[in-house]
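Participant: Please find one structure pasted underneath; my questions will follow.
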Ligand SMILES: C[S@@+](CC[C@H](N)C(=O)[O-])C[C@H]1O[C@@H](n2cnc3c(N)ncnc32)[C@H](O)[C@@H]1O
């Protein structure tokens, strides 16, 4: 007898086989399996526990626009970071929907002045606190700040300038968070960078094309793609960043 999760996985595989054919489906399963093994192995090496997913029921999420917990692949994050220049001791990193703290911990390996995680599930927030306490990796960033808060109402500090999203919400929630971000840069102009994992799912459809950000990089990864955006407006009077407005998507 298949459990609910096994059944939905089985249905997903059948759907992929029908829509993408056997070789694409096999490649996807292989990539995901390698990612999963890497995830547990890297957790073990660091002395943390961030790999197990926590679905909406476990987290008490009833609004489908709030997404459940799954961690970004370690390799995805560090590949994305090879395209981000960190101004040591000045840049401030924010992980929106920080879950069990994997990305907060990994970001703290770079010379950010501060790394902030914003998470609205108390259970995940507690797990992140414990992971930050037990982690055995060396930190370049002196300050990790885990905030138990809803992303829509969390006040964005003027110092924050690198924002990470792994598909944490969609619809109205996503729109509200990006409106907060837009307001923050209009009130305190500064160059910002947005790293978006799996943005093709909602972000590119609902927000990115009509907003004030331009895509600078797009990298394939185990989750799909990770894309890096920068603001082309409100970058500060002295900024040397000159980027033309993006075209409307076809
Ligand atoms: C896909 S997980 C990403 C976890 C982590 N950022 C990572 O990449 O490893 C999405 C996370 O967003 C959190 N989340 C969803 N809606 C939120 C909201 N409105 N405010 C804060 N966190 C939220 C979920 O609880 C979950 O931990």
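Participant: Can you tell me which residue among 130, 179 is closer than 20 Å to residue 69 by Cα and either loosely packed, with under 15 Cβ neighbours inside 10 Å or within 14 Å of the ligand (Cβ to nearest atom) (or both)?
Facilitator: Numbers: 179 fails: closer than 20 Å to residue 69 by Cα.
Result: 130 is the single residue among 130, 179 that is closer than 20 Å to residue 69 by Cα and either loosely packed, with under 15 Cβ neighbours inside 10 Å or within 14 Å of the ligand (Cβ to nearest atom) (or both).
Participant: Given 100, 75, 114, which one is surrounded by fewer than 21 Cβ atoms within 10 Å (Cβ to Cβ) and touching a helix residue (DSSP H, G or I) at 6+ places or on another chain (Cβ under 9 Å)? If you could, list the steps in order and put the result at the bottom.
Facilitator: Working: 100 fails: surrounded by fewer than 21 Cβ atoms within 10 Å (Cβ to Cβ); 114 fails: touching a helix residue (DSSP H, G or I) at 6+ places or on another chain (Cβ under 9 Å).
Matching residue, one of 100, 75, 114: 75.
Participant: While we're here: When you go through 124, 129, 146 one by one, which is the residue that is over 12 Å from the mean Cα position of the chain (by Cα) and either outside the structural domain of residue 223 (by TED's automatic domain parsing) or in a strand (DSSP E or B) (or both)?
Facilitator: 146
Participant: If the Cβ limit is 7 Å and pairs must be 6+ apart or interchain, which residue in region 115-142 that is in contact (Cβ under 8 Å) with a residue 60 or more places away in the chain and under 11 Å from residue 104 (Cα atoms) pairs with which residue that is in a loop (DSSP other than H, G, I, E, B) and within 15 Å of the ligand (Cβ to nearest atom)?
Facilitator: Here the result reads 131/48; 131/49; 131/50; 131/100; 131/101, each pair linking region 115-142 to a residue that is in a loop (DSSP other than H, G, I, E, B) and within 15 Å of the ligand (Cβ to nearest atom).
The values are calculated or read from the model by the stated rules, or taken from the named source; none is laboratory data. Nothing here was measured: the structure is a model prediction, and the numbers come from that model. Neighbour counts run over all protein chains shown; Cβ positions are idealised from the backbone, glycine included.
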